[in-house]
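Accompanying notes for the structure given below.
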Amino acid sequence: MTRVRGVERILSAYATVEGAGVRLHRAFGYYEVPQFDPFLMLDDFRSPRNEDYLAGFPSHPHRGIETVTYMLKGCIEHADSMGKSGIINAGDVQWMTAGSGIIHSEMPKAVDGRMGGFQLWVNLPRANKMMKPRYQEIRSKAIPTVSPRKDVSIKVICGEVNGVKGPVKDIVADPQYLDITLEPDTTFSLPVKEGYTAFAYVISGEGSFDGKEEYRISNRDLILFSDGSSIWVQSFGKGFRFLFIAGKPLREPVSWRGPIVMNSSEEIQKAFAEYEAGTFIKKNA
Ligand code: FE2
């Protein structure tokens, strides 16, 4: 029997500063642990102003997590300790598993005067925190679009919709990462695995996830869903576009300092000591 998920919490992304002075909006993060388990943070760096983001994110380490960058406009130039570098362009996704450790830089650039995208942090379970680092770099043309009905279109980045699988594979948290657009005045139901943490983050337009006009939500609002086997969504007159993200909770202790997330404070201290000593990057990396 279908059990429609309710709205457990509504958050609005707040302005904050990260990296070398990038002004961005954070939908959730450190203070929300463990409500979004296995997800740790969602940053929204859409901005019309060069000066908000040009300082970028110079060389910094990650360990114990995955970072998922999804660009809507502009690009990010990245380079890392494995000697790898590249550009994440509009519509592309980079799913980076930091595992035992990566040191990298991420520098946003405008294209035609525009830049914007999102970075999600996904936690790794104890058994995978020190795994070999890896990337899944997905170009926009490799991301399938599914239209379960003519007024709904879904880009499937990770997970499955109507039998169509997204190109990102073998992620421990078994996540679903979708970019969903509804035409104006449409309703739609999407099946979601029971017991998985699920949330929606609004990109544009207006909509509701419980049919109540007083909960009409819009750009930069986030809905955390209660448990159930589906979500129900309604768009209003401007249409509605949102990220839908779900994943299996890890239910492990979280010890988090800056860009490194482990299970204990001893592991955090060890990671920072290794970073200072120049032994952070492991031979298998
Ligand atoms: Fe990073």
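The values are calculated or read from the model by the stated rules, or taken from the named source; none is laboratory data. Owing to the predicted nature of the structure, the values given are computational and were not obtained by experimental measurement. Cβ placement follows ideal geometry from the backbone for every residue including glycine, while neighbour counts extend to all protein chains displayed. For accessibility, only protein heavy atoms count, side chains too; no ligands or nucleic acids. Shrake-Rupley method; radii C 1.70, N 1.55, O 1.52, S 1.80 Å.
Overview of values
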item: Intensity falloff of the chain expressed as log10 I(q)/I(0), Debye formula with alpha-carbon point scatterers, at q = 0.11, 0.14 Å⁻¹; result: -0.62, -1.03
item: For region 116-128, 3J(HN,Hα) per residue [Karplus equation, 6.51 cos²θ - 1.76 cosθ + 1.60, θ = phi - 60°, Hz, x = Gly/Pro]; result: x, x, 9, 10, 9, 9, 10, 6, 9, x, 2, 5, 10
item: Folded to 0 to 90 degrees: helix 265-277 orientation relative to the chain principal axis, Cα; result: 50 degrees
item: About the Cα centre, charge dipole magnitude for the chain (Lys/Arg +1, Asp/Glu -1 at Cβ), debye; result: 560 debye
item: Net charge dipole size for region 35-78 [Lys, Arg +1 and Asp, Glu -1 on Cβ; Debye, nearest 20]; result: 80 debye
item: Inter-label distance, nm, simple model (7 Å from Cα along the C-beta direction), Ser218/Arg251; result: 4.0 nm
item: Accessible area in square angstrom per residue, the chain, 1.4 angstrom probe; result: 43 Å²
item: Semi-axis lengths (Å, descending) of the ellipsoid that matches the C-alpha gyration tensor of region 201-285; result: 41, 15, 11
item: Gap separating the Cα centres of region 186-206 and region 212-284, nearest whole Å; result: 15 Å
item: Derived scalar couplings ³J(HN,Hα) [region 236-253; Karplus, 6.51 cos²θ - 1.76 cosθ + 1.60; whole Hz; x for Gly, Pro]; result: 9, x, 9, x, 7, 10, 8, 7, 10, 10, 9, x, 7, x, 8, 6, 10, x
item: Measure of compaction for region 166-238 (Cα Rg per 2.2 N^0.38 Å); result: 1.16
item: Carbon and sulfur %, accessible surface of the chain computed with the full protein complex present, 1.4 Å; result: 49 percent
item: Cα gyration tensor shape for region 1-154, rounded if a/c is under 1.5, else prolate or oblate; result: rounded
